[in-house]
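The values are calculated or read from the model by the stated rules, or taken from the named source; none is laboratory data. All values reported here derive from a predicted model rather than from experimental measurement. Because the Cβ atoms are built from the backbone with ideal geometry, glycine has one as well, and the counts that use them run over all protein chains shown. Note: accessible area is taken over every heavy atom of the protein model, side chains too, but ligands, DNA and RNA are not part of it. Shrake-Rupley method; radii C 1.70, N 1.55, O 1.52, S 1.80 Å.
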Amino acid sequence: SATVDIVDKYTSAVYASSSGVDSNPYACDVNGLATLGGCGKSETGTAKSLLPDGGIARAVTLAGAFVPQTWATGGRILSMEEVKDFYRSNDFREMADLGVNTVQIPVPCDTFYEGGDVERTVSKLLDRIDGAGLSAILVLVAPDTMEEEGTTDEIIDEHVKSAAMYARDSSVVIALQLPSPRPSLLSSVRSEASELSVLIPTTRETLNTLSAPPDSHVFAALDVQTTASVAGVASSDSQGDRMKMFYHESITCIDRSPIEWLECYRDMPVYVTSGFDLATDDCIDHDKEHFKDYGQCDRFDETISSGWWDRHRQSLASRQMYVYSRGLGWSFSAWKLYGEDSKSGDIDAPANLLCLRDVAAAGLMPPLTSAAAPDSSSALACLNGPQADFILGDETLAPTPGPHDCGNGWWNVATEQCDY
């Protein structure tokens, strides 16, 4: 149609006229509408993939299993017996039924170096994952304070070697994510596993500096977290909360540009490793010592059973899934909360927005395989901006009162009558 021809000419002009496209991940951005073609291909001309079948990784992270995430585990660190009870075989079957094909498992760097109960528990979960027909990605996490732990870069290198050997010998593990982009870590993996897929962590701010030696099995692991700064979570009233959601919906489609830029200009296809969830606030951190509520944590109840919030969360989910599926795939932030085994579909706490099982049961997620269908809600999500309906007047909040005709008097809000 004429409209399509005009859009094609517009996007071609943007690409042709943009300067610094080889160094600026956002130089070719057209709000998610344009695409960089012919990138991220293997030597045979097929799209690169982490999965043996060549598909997109649709993963979920086992939050709180081996690396503390107390918001997901009732405010405490779980024992290994509790971890095995937390993630049962039925959970992995439910994941598969939902459309998940991969499980992402964050583990301490030294898990496979020291062996012991943690490694045995990882192996037990991998057996359950395999039984459900799923694959696994291991994410290595270094200590927060290496100096206090007495850990050096050389020791971390040895830990990574042990993890590489474990992943190499596992039929379930398809990739290993490094704890940092430090070059010696990739060398440590390659000394033990020459063809294991390796994920190098990066963020929006650092991805233009990401580099690696030529290696067809090295990929970027992008953190797309949007609630880590005050600017991302700040809102002071109910209407501001809605405008913040509109903002997050609006900027999501822009992430398509850096994902495709890394493929084309760094030959490094992207896997979204963290930050994919429906939270627009950092309320899950409310129990941390220095937490400050810059957002809507004390107004979260306003979102429960709200048609407005449901519609916009569905919009955010569709936009994210479409954009994050432009690369190798994605991992949702968590599966469920510890101690909550039923799928009620109620989003009655901030942490539920980070759990794939809960948002899917609430009807907020599109079908996980829909991003590949050209006429699906996910595939069409970025063609139009989000609905700018900030006026407060739905089943959650009463509309702002209209003006009252008091003749020569004035309406007294306190007494709800005309004064003269």
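So, in the range 253-279, how many residues would count as being among the hydroxyl-bearing types (S, T, Y) and in contact with a Leu (Cβ under 8 Å, 6 or more places away or on another chain)?
2
Any residue in the range 139-152 that is free of Cβ contacts under 8 Å to residues at least 60 places away in the same chain and closer than 18 Å to L196 by Cα?
Initial filter on the range 139-152 (free of Cβ contacts under 8 Å to residues at least 60 places away in the same chain): 140, 142-152.
Next, only the ones that are closer than 18 Å to L196 by Cα stay: 140.
Checked the range 139-152: at least one residue is free of Cβ contacts under 8 Å to residues at least 60 places away in the same chain and closer than 18 Å to L196 by Cα.
So which of S184, S188, S171 is free of Cβ contacts under 8 Å to residues at least 60 places away in the same chain, polar (S, T, N, Q) and not in a helix (DSSP H, G or I)?
Going through S184, S188, S171 in turn, just one is free of Cβ contacts under 8 Å to residues at least 60 places away in the same chain, polar (S, T, N, Q) and not in a helix (DSSP H, G or I): S171.
What number of residues in the range 76-111 are farther than 19 Å from L51 by Cβ, of a type in the set (A, V, I, L, M, F, W, C) and open to solvent by less than 20 Å² (accessible area, probe 1.4 Å)?
Number of matching residues: 5.
State all residues of the range 270-320 that are of a type outside the set (A, V, I, L, M, F, W, C), open to solvent by 50 Å² or more (accessible area, probe 1.4 Å) and part of a loop (DSSP other than H, G, I, E, B); if no residue qualifies, say none.
H286, D287, K288, E289, H290, K292, D293, Y294, S305
When you check A136 against the structure, is it aliphatic (A, V, I, L, M), open to solvent by less than 50 Å² (accessible area, probe 1.4 Å) and at pLDDT below 95, yes or no? So that I can check it myself, show each step before the final result.
Numbers: aliphatic (A, V, I, L, M): yes; open to solvent by less than 50 Å² (accessible area, probe 1.4 Å): yes; at pLDDT below 95: no.
No.
Based on what the data block shows, is A193 open to solvent by less than 50 Å² (accessible area, probe 1.4 Å), in a helix (DSSP H, G or I) and at pLDDT 95 or above?
When the stated conditions are applied, A193 does not pass them.
Give me the residue from the range 161-186 that is open to solvent by 50 Å² or more (accessible area, probe 1.4 Å) and out of contact with any helix residue (DSSP H, G or I) (no Cβ under 8 Å at 6 or more places or on another chain) and, out of that set, farthest from P269 (Cα to Cα).
Going through the qualifying residues, I end up with D169.
Can we say G327 is modelled with pLDDT of 90 or more and open to solvent by 10 Å² or more (accessible area, probe 1.4 Å)?
yes
Could you say which residue among D215, D241, D255 is modelled with pLDDT under 95 and in a loop (DSSP other than H, G, I, E, B)? Before the answer, list the steps.
Numbers: D241 fails: in a loop (DSSP other than H, G, I, E, B); D255 fails: in a loop (DSSP other than H, G, I, E, B).
From the options D215, D241, D255, the qualifying one is D215.
Surrounded by fewer than 17 Cβ atoms within 10 Å (Cβ to Cβ), of a type outside the set (S, T, N, Q) and modelled with pLDDT under 95: is that true of E158 in this structure? Please lay out each step first, then the result.
Values: surrounded by fewer than 17 Cβ atoms within 10 Å (Cβ to Cβ): yes; of a type outside the set (S, T, N, Q): yes; modelled with pLDDT under 95: no.
So E158 does not fit the description; no.
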